[in-house]
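Asker: Let me begin by handing over the structure; questions about it come next.
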Amino acid sequence: MDRNYRLRLKADDNDTFLVTAPQFPEVTTFGETKEEALANGLRAIEEAIAARIHDHRDIPVPGAVRNGRSVALPLQTYLKVGLYLISRSKGTTPAELSRRLGVHREQVDRLFRLSHNSRLDQLEAAFRALDAPVDIALPSLAPRLMIKGRPRRT
């Protein structure tokens with residue numbers, strides 16, 4: 001699962017860029033520059049996700065965006081969205097998750113709250129309790145060699 005959501009930027013008639021998100025009809029924002037518009041779009045998507053989690057509504061699955069502009073969710077937001085999507089798909093309520101983890105319900109609620117800075121070990125434990133361990137892939141860190149002016153992986 002990629003961390004990206006598509007954004008649409010449209011030059012507005014007042015020297016700003018109007019931003020919408022096709023997967024989130026409730027997202028509309030703007031920016032004076034493209035960079036500001038993208039940053040505001042990301043914040044608006046995060047607010048939309050937080051509202052949907054609070055209201056126990058569906059969240060579109062982030063994914064690779066091949067054409068057009070996109071923004072990547074911050075890693076912690078991405079993990080919380082993944083936890084929410086998996087728990088909903090398995091029909092596991094926050095109350096059931098708190099029983100599985102042996103913690104108070106409020107501790108589980110914080111795992112779904114985007115504004116709360118959850119600890120990684122707590123998120124990992126929640127994924128394990130859902131029988132969905134997390135596996136993070138990083139870009140290849142293998143050293144590269146220069147052969148005839150071109151990088152080559154070893």
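Asker: Can you tell me which residues in segment 20-50 are in a helix (DSSP H, G or I), touching a helix residue (DSSP H, G or I) at 6+ places or on another chain (Cβ under 7 Å) and not acidic (D, E)?
Answerer: Residue satisfying the conditions is I49 alone.
Asker: Among the numbered criteria (1) in contact with a Lys or Arg (Cβ under 8 Å, 6 or more places away or on another chain); (2) open to solvent by 60 Å² or more (accessible area, probe 1.4 Å); (3) of a type outside the set (S, T, N, Q), which one does P94 miss?
Answerer: Status for P94: all satisfied but (2).
Asker: While we're on this one: How many residues does segment 1-19 hold that are under 23 Å from Y84 (Cβ atoms) and either part of a loop (DSSP other than H, G, I, E, B) or not charged (D, E, K, R) (or both)?
Answerer: Adding up the residues that qualify gives 6.
Asker: So, one more: Going through V81, V108 one at a time, which residue ends up being within 30 Å of T28 (Cα to Cα), modelled with pLDDT of 95 or more and in contact with a helix residue (DSSP H, G or I) (Cβ under 7 Å, 6 or more places away or on another chain)? Reasoning before the result, please.
Answerer: On the way: V108 fails: within 30 Å of T28 (Cα to Cα).
Matching residue, one of V81, V108: V81.
Asker: Another question, then. Within segment 13-36, can you find the residues that are farther than 21 Å from N67 by Cβ and in contact with an Asp or Glu (Cβ under 6 Å, 6 or more places away or on another chain)?
Answerer: Answer for segment 13-36, where residues must be farther than 21 Å from N67 by Cβ and in contact with an Asp or Glu (Cβ under 6 Å, 6 or more places away or on another chain): just T16.
Asker: Can you tell me which residues in segment 61-83 are under 10 Å from the mean Cα position of the chain (by Cα) and either part of a loop (DSSP other than H, G, I, E, B) or loosely packed, with under 11 Cβ neighbours inside 10 Å (or both)?
Answerer: Passing the criteria: V61, P62, G63, L73, P74.
Asker: Please find, among L18, L97, L73, the residue that is closer than 26 Å to S118 by Cα and without any contact (Cβ under 8 Å) to a residue 60 or more places away in the chain.
Answerer: After ruling out the rest, the residue left standing is L97.
Asker: Would a scan of segment 128-146 turn up a residue that is in contact with a helix residue (DSSP H, G or I) (Cβ under 8 Å, 6 or more places away or on another chain), open to solvent by 80 Å² or more (accessible area, probe 1.4 Å) and either modelled with pLDDT of 95 or more or not in a helix (DSSP H, G or I) (or both)?
Answerer: For segment 128-146, residues in contact with a helix residue (DSSP H, G or I) (Cβ under 8 Å, 6 or more places away or on another chain), open to solvent by 80 Å² or more (accessible area, probe 1.4 Å) and either modelled with pLDDT of 95 or more or not in a helix (DSSP H, G or I) (or both): present.
Asker: Does A39 count as touching an Asp or Glu at 6+ places or on another chain (Cβ under 8 Å), modelled with pLDDT of 95 or more, surrounded by 12 or more Cβ atoms within 10 Å (Cβ to Cβ) and small (G, A, S)?
Answerer: No.
Asker: Please go through segment 86-102 and pick out each residue that is assigned to a helix (DSSP H, G or I), of a type in the set (D, E, K, R) and closer than 20 Å to R57 by Cα.
Answerer: The initial filter retains those residues of segment 86-102 that are assigned to a helix (DSSP H, G or I), namely 86-89, 94-101.
With the extra rule that they be of a type in the set (D, E, K, R), the set shrinks to 88, 96, 99-100.
If the condition is that a residue be assigned to a helix (DSSP H, G or I), of a type in the set (D, E, K, R) and closer than 20 Å to R57 by Cα, then R88, E96 are the ones that fit.
Asker: With the structure loaded, tell me whether A51 is open to solvent by 40 Å² or more (accessible area, probe 1.4 Å) and either in contact with a strand residue (DSSP E or B) (Cβ under 8 Å, 6 or more places away or on another chain) or closer than 27 Å to E124 by Cβ (or both) or whether it fails that test.
Answerer: Details: open to solvent by 40 Å² or more (accessible area, probe 1.4 Å): yes; either in contact with a strand residue (DSSP E or B) (Cβ under 8 Å, 6 or more places away or on another chain) or closer than 27 Å to E124 by Cβ (or both): yes.
Considered against the rule, which asks whether it is open to solvent by 40 Å² or more (accessible area, probe 1.4 Å) and either in contact with a strand residue (DSSP E or B) (Cβ under 8 Å, 6 or more places away or on another chain) or closer than 27 Å to E124 by Cβ (or both), A51 comes out as yes.
Asker: For segment 107-127, name all the residues that are without any contact (Cβ under 8 Å) to a residue 60 or more places away in the chain and part of a loop (DSSP other than H, G, I, E, B).
Answerer: Selection gives H116, N117, S118, R119.
The values are calculated or read from the model by the stated rules, or taken from the named source; none is laboratory data. The structure displayed is predicted, hence computed values, not measured ones. Cβ coordinates were reconstructed from backbone atoms using ideal geometry, including for glycine residues, and neighbour counts include every protein chain displayed. Areas reflect the complete protein model, heavy atoms only, side chains present, ligands, DNA and RNA absent. Shrake-Rupley method; radii C 1.70, N 1.55, O 1.52, S 1.80 Å.
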